[in-house]
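**Student:** Below is the structure I would like to discuss, written out as structure tokens.
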Amino acid sequence: MKTLKKTHFVIALVIVAVLLPVHALPQGKKDLNPPSKAEDNATVDNNAYIIGPEDILNIFVWKEESLTKSVPVRMDGKISLPLTDDIQAAGLTPLQLKDVITNRLKNFIDNPTVSVTVLEANSYKVYVTGQVKNPGVFRLRSETSFLQLIVMTGGFTDWADQKHITIIRSENGTEKRITLNYKKIIEGEQPDLAIKRGDKVIVP
């Protein structure tokens, strides 16, 4: 009788061992999945984000399936939609672009209802090199300051010269160099700087 009970107990343990990972798998698997691009861009501020080349936009026109589509912003800053011809998108916020598209469609549709969503924010790139813990290309979703960018890189290495940081910026086709002193910014002796699209930050 004792042998039979022991056998039943061992069988029960085997069943639990087999079934437990099956029930635990979905929860663990969910944590391992990286966020989708749509989730990654959920933080884009439609009021403030400036559209640029390589962004992917979703244009939704209510009750007009043929006009509802995802479109890339070309390198010339324009998008193509049926009926509207090419539209300049770069330099506008999603809300401003919505107004432009709505006005164009009024020639063809009565009271068009349009929404513009940024699916992939690929254009707002800044480059950080030198003595930071995680140098590389950073895609920004909203207005970001120099101090916020340094936090995104993981901070400085032990060898960083925090007093002579250079930002290379292109303005109207001209290269501009800006020198920042991190310690003075922290102490309030130098103003923080808003990072712009295409900035190159060099930490010696």
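**Student:** Out of all the residues in the stretch 65-98, which are in a loop (DSSP other than H, G, I, E, B) and either out of contact with any helix residue (DSSP H, G or I) (no Cβ under 8 Å at 6 or more places or on another chain) or over 15 Å from Pro112 (Cα atoms) (or both)? Explain how you work it out, then say what you get.
**Tutor:** Here is the first cut: in the stretch 65-98, the residues in a loop (DSSP other than H, G, I, E, B) are 68, 73-77, 82-84, 89-93.
Those that are in a loop (DSSP other than H, G, I, E, B) and either out of contact with any helix residue (DSSP H, G or I) (no Cβ under 8 Å at 6 or more places or on another chain) or over 15 Å from Pro112 (Cα atoms) (or both): Thr68, Val73, Arg74, Met75, Asp76, Gly77, Ala89, Ala90, Gly91, Leu92, Thr93.
**Student:** Are there strands (runs of 3 or more DSSP E) fully within the stretch 99-204 with at least 3 residues that are under 28 Å from Ile87 (Cα atoms) and either in contact (Cβ under 8 Å) with a residue 12 or more places away in the chain or among the acidic types (Asp, Glu) (or both)? List them.
**Tutor:** Values: elements: 114-120, 125-130, 136-139, 165-171, 174-180, 200-203.
So the answer is 114-120, 165-171.
**Student:** Within the stretch 170-187, work out how many residues are surrounded by 12 or more Cβ atoms within 10 Å (Cβ to Cβ) and either β-branched (Val, Ile, Thr) or at pLDDT below 95 (or both). I'd like the intermediate steps shown before the answer.
**Tutor:** Just the residues of the stretch 170-187 that are surrounded by 12 or more Cβ atoms within 10 Å (Cβ to Cβ), to begin with: 170, 178, 180-182, 184-186.
When the remaining residues are screened for being either β-branched (Val, Ile, Thr) or at pLDDT below 95 (or both), the result is 170, 178, 185-186.
Total satisfying the criteria: 4.
**Student:** While we're here: Within the stretch 158-167, identify whether any single residue is aromatic (Phe, Trp, Tyr) and surrounded by 13 or more Cβ atoms within 10 Å (Cβ to Cβ), and answer yes or no. Steps first, please.
**Tutor:** So in the stretch 158-167, the residues aromatic (Phe, Trp, Tyr) come out as 159.
Narrowing further to those that are surrounded by 13 or more Cβ atoms within 10 Å (Cβ to Cβ): none.
The answer is no; no qualifying residue exists.
**Student:** Turning to a different aspect of this structure: Please pick out the residue among Val137, Val151, Val116 that is surrounded by fewer than 18 Cβ atoms within 10 Å (Cβ to Cβ) and within 24 Å of Ala89 (Cβ to Cβ).
**Tutor:** On the way: Val151 fails: within 24 Å of Ala89 (Cβ to Cβ); Val116 fails: surrounded by fewer than 18 Cβ atoms within 10 Å (Cβ to Cβ).
None of the other options fit; the residue is Val137.
**Student:** Please pick out the residue among Ile50, Ile59 that is among the hydrophobic types (A, V, I, L, M, F, W, C), at pLDDT 90 or above and either crowded, with 16+ Cβ neighbours inside 10 Å or closer than 30 Å to Ile195 by Cα (or both).
**Tutor:** Ile59
The values are calculated or read from the model by the stated rules, or taken from the named source; none is laboratory data. Note that the structure is a prediction, hence the values are computed from the model and not measured. Here the Cβ is made from the backbone with ideal geometry for all residues, glycine too, and neighbour counts use every protein chain on show.
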